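One structure is given here, and the rest of the page talks about it.
The values are calculated or read from the model by the stated rules, or taken from the named source; none is laboratory data. If you're wondering where the values come from, they're calculated on a predicted model, not measured in any experiment. For neighbour counting, all protein chains shown are included, and Cβ atoms are generated from backbone atoms with ideal geometry for every residue, glycine included.
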Amino acid sequence: MSEIKNTKQAWQNRSETQLDVVCFDYNEGMDISKFSEVYVWDLDKTYLDTKIDSFKGLLSAIFEKSLTKKNVPGSSELIKSMTRYRKKHYNDNNFPLFFVSASPPQMESKIYEKFQLDNISPLMMFYKDNLKNLMPSKFLFLKKQIGYKIQALMQLRVQLGANVKMICFGDDSESDATIYTLFSDICTRRQTTQQLSRLLEKLGVTGAQVDEILRLQTMIEIQDPVDKIYINLATDTDPLYYIKYGRRCMATYDSFQIALDLVQDQRLSLEELGQIITSLKVNYGFTSNMLVKSFEDLIKRRILGLSSYEMILNYLIEQKVLSQTWQCQIQPLREKRVENGKVYELEGIFEPWIRSDIDYLHEY
């Protein structure tokens, strides 16, 4: 614990804290409200392959060296590909990347060093002041992330532009689908103040956090900033579970599936998709068969539309991931609703893109 105590003053001098939300601002006075689209990333099990949801796992992550921290396969290359794409097509010299992590701020220097090793440059990062819960009597609070993460997202939202779109990345171990979707509800005022307060309290959010979230709500436009939610299936949750949140929330088995959907929504190019394929094969042992299964799964789950399927199919054949004779067992559906290049609906009858009747309190 001596290493933790020695770094306490250093991180406090470089951050701002509100309740248990600790914010490190790396953008050096940049006006982040200018971005029309931003990318919000969870850290553990979404970017880094870590296990901080246990006493032993958190201690291990705290003392682990930057060089030995492992990435979720393809996560760093995915961000670098999006960075190159945004710079080429939108002249964004700074990729609008933000991290919201449940890791303690004492880990910030090592995680930032890891970002530098990966050539990743987030503009801002939020940590949870969680070491006070490192005792058996308070261990339950290590896993209570809803209030912390929603407050962090609200603090970020206050600083962004009125019509911003947020593409959110999480996993199935920390209620990220609930967090991002409820954050969307709060921004659009889908519940009354009384309903929201009751719901947050039932979800284990403290009274102080509820008050702060409601205060921040009064400072933002009535607008839904959440355009897409990607959930990494780190603990093998059935992807069908996420239908309860609407089709905006997309469960993924790997970074390749995220990249395929980003190509469909014109947030990534085929050239960058090729870079991700190469990284998954060379650095993580992915085979062509594994990539084909991921491709077929998105067609089976009616995520990829016909136009995107045909474009990606031809590219995968060109890259020798697929053979010339390969045929999909399921016929892709045509795109029905496309706005600004983003695919929101395919032909047929589906769950709504955004549900207005989500049951946050019961699992099914």
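Just a few scattered comments:
- The listed residues are I62, I52, and the only one of them that is modelled with pLDDT under 95 and surrounded by 23 or more Cβ atoms within 10 Å (Cβ to Cβ) turns out to be I52.
- Taking the stretch 289-309 as the range and being under 21 Å from G341 (Cβ atoms), crowded, with 17+ Cβ neighbours inside 10 Å and of a type in the set (S, T, Y) as the test, the residues that pass are S308, Y309.
- Residues of the stretch 212-237 classified as surrounded by fewer than 17 Cβ atoms within 10 Å (Cβ to Cβ), farther than 25 Å from E201 by Cβ and at pLDDT 95 or above, total: 1
- When the test is whether a residue is of a type in the set (G, A, S), modelled with pLDDT under 95 and not in a loop (DSSP other than H, G, I, E, B), S76 does not pass it.
- Some residue of the stretch 342-349 being surrounded by fewer than 12 Cβ atoms within 10 Å (Cβ to Cβ) and more than 30 Å from S197 (Cβ to Cβ): yes
- Every condition in (1) touching a Phe, Trp or Tyr at 6+ places or on another chain (Cβ under 7 Å); (2) crowded, with 16+ Cβ neighbours inside 10 Å is met by L333 except one, and the failing one is (1).
- Single residue of the stretch 274-288 satisfying the filter (hydrophobic (A, V, I, L, M, F, W, C) and surrounded by 20 or more Cβ atoms within 10 Å (Cβ to Cβ)) that is nearest to T181 (Cα to Cα): I276
- Cross-chain or 6+ apart pairs with Cβ under 8 Å, the stretch 323-336 first and touching a residue at least 24 places away in the same chain (Cβ under 8 Å), then among the β-branched types (V, I, T): W326/V292; W326/I317; C328/I299; I330/I299; P332/I299; E335/V343
Conditions tested, residue by residue: (1) exposed (fewer than 15 other Cβ atoms within 10 Å of the Cβ); (2) farther than 27 Å from Q257 by Cα; (3) modelled with pLDDT of 60 or more.
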| residue | (1), (2), (3) |
| --- | --- |
| F24 | no, yes, yes |
| M30 | yes, yes, yes |
| K34 | yes, yes, yes |
| E37 | no, no, yes |
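- Boolean, Q329 is over 16 Å from the mean Cα position of the chain (by Cα) and either of a type outside the set (F, W, Y) or modelled with pLDDT of 95 or more (or both): yes
- Residues satisfying the stated conditions in the stretch 185-211, i.e. buried (at least 16 other Cβ atoms within 10 Å of the Cβ) and over 21 Å from D357 (Cα atoms): T206, Q209, V210
- Residue ID - farthest from V205 (Cα to Cα), chosen from residues in the stretch 10-28 that are of a type in the set (S, T, Y) and outside any strand (DSSP E or B): Y26
- Pairs, first on the phi > 0 side of the Ramachandran plot in the stretch 300-311, second of a type in the set (G, A, S), C-beta under 8 Å, six or more apart: R302/G348
- Hey, I349 within 20 Å of I229 (Cα to Cα) and among the hydrophobic types (A, V, I, L, M, F, W, C) or not: no
- First in the stretch 281-292 and free of Cβ contacts under 8 Å to residues at least 12 places away in the same chain, second anywhere and of a type in the set (G, A, S) and assigned to a helix (DSSP H, G or I), Cβ under 9 Å, 6 or more apart: K281/S288
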